[in-house]
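Presented below is the structure to which this report refers.
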Amino acid sequence: MINSGVEKFGPTGQILRRRRDIQGIRAIAVLLVLAYHARVPGFSGGYIGVDVFFVVSGFLITTLLIREFDTTNKISLIDFYARRIRRLLPASFVVVIGTLVISRAWLEPLRLNDLTQDARAAALFATNIVFSNRESDYLQSALPPSPLQHYWSLGVEEQFYIFFPLIVMVLLKIRRASKTLLIAGLSVITALSFVFCAALTATMTSATFYLLPFRAWELGAGALLALIGSKVNRIKSTNRELFGWIGLVAIVFTSFIYDSKTLFPGYAAALPVFATIFLIISGDNSKFGPSRLLELSIFQWLGSRSYSLYLWHWPLLIVARSANKAELNAMQVALCMLATFALSELSFRFVEEPIHKVPKFLKTANRSLAFGVLLVATGLGASLITTPATARKTTTSETASNTTIASNLATTTTIFQYSDSQLKDLINTATEISELPVNLDQPLEVLDEDEPEIYKLGCHDHDFDVPPVCEFGDFKATTSIALIGDSHAAQWFEPMRRIAEQRQWKLQTFTRSGCTMLGIENGVLEKCRTWLKNVLTEIQNGEFSLVVISNYTNREDLVDESPDGFINNITKLHSALTINSQKIIYLADSPGPLLHVPICLSANIQSVKNCNFEREKAINRQTTEILQGVWSSATSRFVNLTDWFCTSQICPVIIGNMIAYRDISHISSGYALALTSVLLNEIEISLAS
């Protein structure tokens, strides 16, 4: 996120002056981001506002560095870092503290540990690295967003500010009489960053989105524009004004047409980046250019407060959703936006402006650096605000045994063997459970780590191309079963392995996170395509008595865009899997919760019914009907276990003393094992048919 305040600047060779149009561009960018995060209809691509900020940042910072070099024949790194500290850290620090305080009061307890880590990362300018690592972990990526997640863009810029002036200084000193080497050097860096970003976005989505090496080209584009500013000024003013309008329209248009399905950043980010360049090229004080709009008072006001607006809006929305225990309605979103503007005004007037005027205690660069160190240290200490207490809040009616959310109960999963009738009774009475049972099969705080053992064995990951050889049970058995699919197939590994061991069958697994078998022909992410084809080859070459396949379908409508294409895909998959007359079970996806179950329960210890969800909303009926139609055949069976999760109307998240889900979509290993006999019955029916 770009620094606050208005810098006086100008292209190399020009008199330094204030560009009011830049402030207007900031206003447009922050409004797009706010509209996107507030889920205003039509702004599904408002996230490109951050890319606009990156270009503007590169342009401004390069202009200031070049001006300093032209004036003094040197670049003072100490002065540069002192200015960045005064611009960025005070407001950032205040918002982090405010976020920690309101999160301690209203955020679900299980989310506080991660928030503590995020606050420390924010203090150390590494938030983008934390979120890249977290989202590349398929399990952690299912967590609700952090109230400090938007600090990732600030991390990108802060890291840019650390390295960029060093590069500029070195390249300028090598050839003092010319900026040719600097332009050439930055062009190479910018081009390489773009090439790697475009090439790897499909396969390294989180890294290319969050990390500086893959975002540097956006900042570099603005930097190169600053370096060739004198040449740009030779363009006829009417042409530059036309460029400006094209750029403004392109930015707004992009915010409408892009959405969560857009492969981003990659090539898609080039449009808002070049649109921003066009907008900057148009200049200010023009007769017919977009600056006539951008220089209006309202855009100047918004632009000057864009930094604080960006910092405050996200934690207010996230914590409000948590406190509301549901999605916010239009009025609640409006109230959050009103609070955002109010807090932003306070931050601007009492934090940004006073520091911008450089008070006495910051008069020297060394004092500013010391001030920055103090803010970082204080931020690290303040992160303890959200360190969870060792015991949960209890009421006077609770006994001493009914303790702690964050207790140290590092127990192994207790497996209870239920008959089908016993389990049915537990499901039917589960909707009556109102308080968190004191004898939970697993404590809440370890459920996120409740991976099926297939993960720990190295047989399941999110980056396989060639499936590893993973066999269980009796390797010489004549009855051989294959388990294939994504993580929603892997969640059945524990009961499948137990069945193979009990019946002395052979089980072989072919699972990878995020890669559904249902897109084997087309419509699948490129990173999964090789793995899917290799799995299909293994199944066709193997001699399996039964293939069990399952995939994630209930929270995404796979058929919205092309039902015929979807049917064609799975029909071809069905033919490919049954080519050797192998028997197939297509195991329907488990009902999809509308929330992260352990986190919800941590905030509803005495009101667990708030976490239960409606059966009708948990199942994608259109997809289910299509899958059932294709997989109900002479050689395959469609098996739907929804009745073992839900009553006729409600899907309870606690069944007996078991929590049925370990996150927002995967069932817990404990409950999967409770369904062992149910699954065995279905397998035996298929083998006998």
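The values are calculated or read from the model by the stated rules, or taken from the named source; none is laboratory data. Predicted model, so just to flag it, every value in this text is computed and none were measured. All Cβ positions, even for glycine, are placed from backbone atoms using ideal geometry, and neighbour counts span all protein chains on display.
Could you count how many residues in the stretch 1-54 are part of a helix (DSSP H, G or I), within 21 Å of the chain's Cα centre (by Cα) and either modelled with pLDDT under 95 or not assigned by TED's automatic domain parsing to the domain that holds E353 (or both)?
Of the residues in the stretch 1-54, 0 are part of a helix (DSSP H, G or I), within 21 Å of the chain's Cα centre (by Cα) and either modelled with pLDDT under 95 or not assigned by TED's automatic domain parsing to the domain that holds E353 (or both).
From the list F613, F566, which residue is aromatic (F, W, Y), at pLDDT below 90, under 30 Å from the mean Cα position of the chain (by Cα) and buried (at least 16 other Cβ atoms within 10 Å of the Cβ)?
It is F566.
Yes or no, residue by residue, for (1) under 24 Å from L110 (Cα atoms); (2) in contact with a Cys (Cβ under 6 Å, 6 or more places away or on another chain); (3) part of a helix (DSSP H, G or I); (4) modelled with pLDDT of 80 or more:
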{"site": "I405", "(1), (2), (3), (4)": "yes, no, no, no"}
{"site": "L409", "(1), (2), (3), (4)": "yes, no, no, no"}
{"site": "T413", "(1), (2), (3), (4)": "yes, no, no, no"}
{"site": "F416", "(1), (2), (3), (4)": "no, no, no, no"}
{"site": "K424", "(1), (2), (3), (4)": "no, no, yes, yes"}
{"site": "N428", "(1), (2), (3), (4)": "no, no, yes, yes"}
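Taking the options I659, I664, I654, name whichever one is in contact (Cβ under 8 Å) with a residue 40 or more places away in the chain, among the aliphatic types (A, V, I, L, M), in contact with a His (Cβ under 9 Å, 6 or more places away or on another chain) and assigned by TED's automatic domain parsing to the domain that holds V608.
Of I659, I664, I654, the one residue that is in contact (Cβ under 8 Å) with a residue 40 or more places away in the chain, among the aliphatic types (A, V, I, L, M), in contact with a His (Cβ under 9 Å, 6 or more places away or on another chain) and assigned by TED's automatic domain parsing to the domain that holds V608 is I664.
Which members of the stretch 575-588 meet the condition of being at pLDDT 90 or above, touching a Phe, Trp or Tyr at 6+ places or on another chain (Cβ under 6 Å) and assigned to a loop (DSSP other than H, G, I, E, B)?
Passing the criteria: none in range.
Output the qualifying pairs, or none if there are none: Cβ atoms under 7 angstrom, residues six or more apart or on different chains, first residue in the stretch 89-110 and free of Cβ contacts under 8 Å to residues at least 60 places away in the same chain, second residue surrounded by fewer than 24 Cβ atoms within 10 Å (Cβ to Cβ).
none
Among the residues of the stretch 342-355, is there at least one that is more than 24 Å from R84 (Cα to Cα) and part of a helix (DSSP H, G or I)?
Among the residues of the stretch 342-355, at least one is more than 24 Å from R84 (Cα to Cα) and part of a helix (DSSP H, G or I), which makes the answer yes.
Which numbered condition trips up G283, out of (1) out of contact with any Pro (no Cβ under 6 Å at 6 or more places or on another chain); (2) crowded, with 18+ Cβ neighbours inside 10 Å; (3) modelled with pLDDT of 95 or more?
Against the list (1) out of contact with any Pro (no Cβ under 6 Å at 6 or more places or on another chain); (2) crowded, with 18+ Cβ neighbours inside 10 Å; (3) modelled with pLDDT of 95 or more, G283 comes up short only on (3).
Buried (at least 20 other Cβ atoms within 10 Å of the Cβ), within 20 Å of S677 (Cα to Cα) and within 29 Å of the chain's Cα centre (by Cα): which single residue out of E494, E453 fits that description?
E494
Could you give every pair whose Cβ atoms fall below 6 Å, whose first residue belongs to the stretch 623-635 and is surrounded by 13 or more Cβ atoms within 10 Å (Cβ to Cβ), and whose second residue is of a type in the set (S, T, N, Q), counting only separations of at least 6 or pairs across chains?
Going by the 6 Å Cβ cut-off, the qualifying pairs are T623/T553; V630/T571; T635/T578.
Which one of the conditions (1) among the small types (G, A, S); (2) outside any helix (DSSP H, G or I); (3) surrounded by fewer than 14 Cβ atoms within 10 Å (Cβ to Cβ) does S146 fail to meet, given that it meets all the rest?
Looking at each condition in turn, S146 falls short on (3).
Tell me whether the stretch 82-94 contains one or more residues that are over 30 Å from M169 (Cα atoms), crowded, with 19+ Cβ neighbours inside 10 Å and not assigned by TED's automatic domain parsing to the domain that holds L447.
yes
Pull up the stretch 306-346, narrow it to residues that are modelled with pLDDT of 95 or more and in contact with a Cys (Cβ under 8 Å, 6 or more places away or on another chain), then point me to the one that is nearest to T99 (Cα to Cα).
L316
Tell me the residue from L219, L181, L227, L200 that is in contact (Cβ under 8 Å) with a residue 40 or more places away in the chain and either out of contact with any Gly (no Cβ under 9 Å at 6 or more places or on another chain) or surrounded by fewer than 20 Cβ atoms within 10 Å (Cβ to Cβ) (or both), please.
Step by step, each of L219, L181, L227, L200 is checked, and only L227 is in contact (Cβ under 8 Å) with a residue 40 or more places away in the chain and either out of contact with any Gly (no Cβ under 9 Å at 6 or more places or on another chain) or surrounded by fewer than 20 Cβ atoms within 10 Å (Cβ to Cβ) (or both).
Could we say that L34 is crowded, with 21+ Cβ neighbours inside 10 Å and over 30 Å from F253 (Cβ atoms) here?
Here the answer is no, as L34 does not meet what is asked.
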